[in-house]
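Structure first, commentary second.
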Amino acid sequence: MSRTLLIIKPDASKRNLTEYIISRLEKARFKIVKMKKLKLKKSQAREFYAVHEGKHFLDSLVKFMCSGTIVPMALEKENAVKDLRALIGATDPSKADCGTIRFEIAKDIEKNSVHASDSDANAKKEIDFFFNK
Ligand code: ADP
Ligand code: MG
């Protein structure tokens, strides 16, 4: 078993899509081991997205991630990181495979409804960020 972090982003929580996303995760056999709701402060969003320092989209991304409630959750499954990335689909929903969560509900490349860790090392860091501080 391994773990990964999923975040329901403000565009999805505002549209009341939290239950829908959870049902997709459960159908795909992810076990939710930790979950909470919160609003990020700008400094926290900047820290979380520190790997994107210098990118043209960072300021707008930070503002968006602080614009409403987010729902981070630690998920458990075999091959959790890889399988969750496959379930959410490409960053840009216009390029996401049919049936993926982003294909179905994301608004655009920024307001793409969900975050998922991209490696086991980052999954550990990101789970610690929300649940072990
Ligand atoms: P992913 O979330 O698929 O791992 P990245 O790590 O590359 O994607 O980017 C982090 C987040 O930044 C994306 O989920 C999206 O919200 C936003 N983002 C990425 N690229 C762009 C872009 N070109 N324009 C606007 N926002 C972007
Ligand atoms: Mg990423």
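Read-outs: derived from the displayed coordinates by stated rules, not from any lab. Note that the structure is a prediction, hence the values are computed from the model and not measured. For neighbour counting, all protein chains shown are included, and Cβ atoms are generated from backbone atoms with ideal geometry for every residue, glycine included.
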Open item on the list: Against the conditions (1) β-branched (Val, Ile, Thr); (2) within 20 Å of Arg24 (Cβ to Cβ); (3) out of contact with any strand residue (DSSP E or B) (no Cβ under 9 Å at 6 or more places or on another chain); (4) surrounded by fewer than 17 Cβ atoms within 10 Å (Cβ to Cβ), where does Thr69 fall short? Just the number, please.
Closed with: (3)
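Test of understanding: among Ala28, Ala50, Ala12, which residue is over 16 Å from Ser117 (Cα atoms), of a type in the set (A, V, I, L, M) and out of contact with any Leu (no Cβ under 9 Å at 6 or more places or on another chain)?
Details: Ala28 fails: out of contact with any Leu (no Cβ under 9 Å at 6 or more places or on another chain); Ala50 fails: over 16 Å from Ser117 (Cα atoms).
Just one listed residue meets the conditions, Ala12.
Among the residues that make up the stretch 43-58, is at least one of them among the small types (Gly, Ala, Ser), closer than 22 Å to Arg15 by Cα and within 13 Å of ligand 1 (Cβ to nearest atom)? Working first, answer last.
Step one: list which residues in the stretch 43-58 are among the small types (Gly, Ala, Ser), which gives 43, 45, 50, 54.
Pick out the ones that are also closer than 22 Å to Arg15 by Cα and you get 45.
Now narrow it down to the ones that are within 13 Å of ligand 1 (Cβ to nearest atom): 45.
Yes, the stretch 43-58 contains a residue that is among the small types (Gly, Ala, Ser), closer than 22 Å to Arg15 by Cα and within 13 Å of ligand 1 (Cβ to nearest atom).
For the stretch 26-133, please list each of the helices (runs of 4 or more DSSP H) lying entirely inside it that holds at least 3 residues being away from ligand 2 (no atom under 16 Å from the Cβ).
Working: elements: 42-48, 58-65, 80-88, 101-105, 120-131.
Ranges flagged: 42-48, 101-105.
If you take the residues in the stretch 76-98 that are of a type in the set (Lys, Arg) and either within 13 Å of ligand 1 (Cβ to nearest atom) or free of Cβ contacts under 8 Å to residues at least 40 places away in the same chain (or both), which one is surrounded by the fewest Cβ atoms within 10 Å (Cβ to Cβ)? Full working, then the answer.
In the first step, residues of the stretch 76-98 are kept if they are of a type in the set (Lys, Arg); the result is 77, 82, 85, 95.
Among the residues that remain, those that are also either within 13 Å of ligand 1 (Cβ to nearest atom) or free of Cβ contacts under 8 Å to residues at least 40 places away in the same chain (or both) are: 82, 85, 95.
Details: Lys82: 16, Arg85: 16, Lys95: 11.
If we take residues in the stretch 76-98 being of a type in the set (Lys, Arg) and either within 13 Å of ligand 1 (Cβ to nearest atom) or free of Cβ contacts under 8 Å to residues at least 40 places away in the same chain (or both), then Lys95 is surrounded by the fewest Cβ atoms within 10 Å (Cβ to Cβ).
Can you go through Glu76, Glu126 and tell me which one is under 13 Å from the mean Cα position of the chain (by Cα) and among the charged types (D, E, K, R)? Break it down into steps so the answer makes sense when it comes.
On the way: Glu76 fails: under 13 Å from the mean Cα position of the chain (by Cα).
So the residue among Glu76, Glu126 that is under 13 Å from the mean Cα position of the chain (by Cα) and among the charged types (D, E, K, R) is Glu126.
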Task: Subset of the stretch 1-44 that is touching a strand residue (DSSP E or B) at 6+ places or on another chain (Cβ under 9 Å) and among the small types (Gly, Ala, Ser) - its residue that is surrounded by the most Cβ atoms within 10 Å (Cβ to Cβ) - done: Ala12
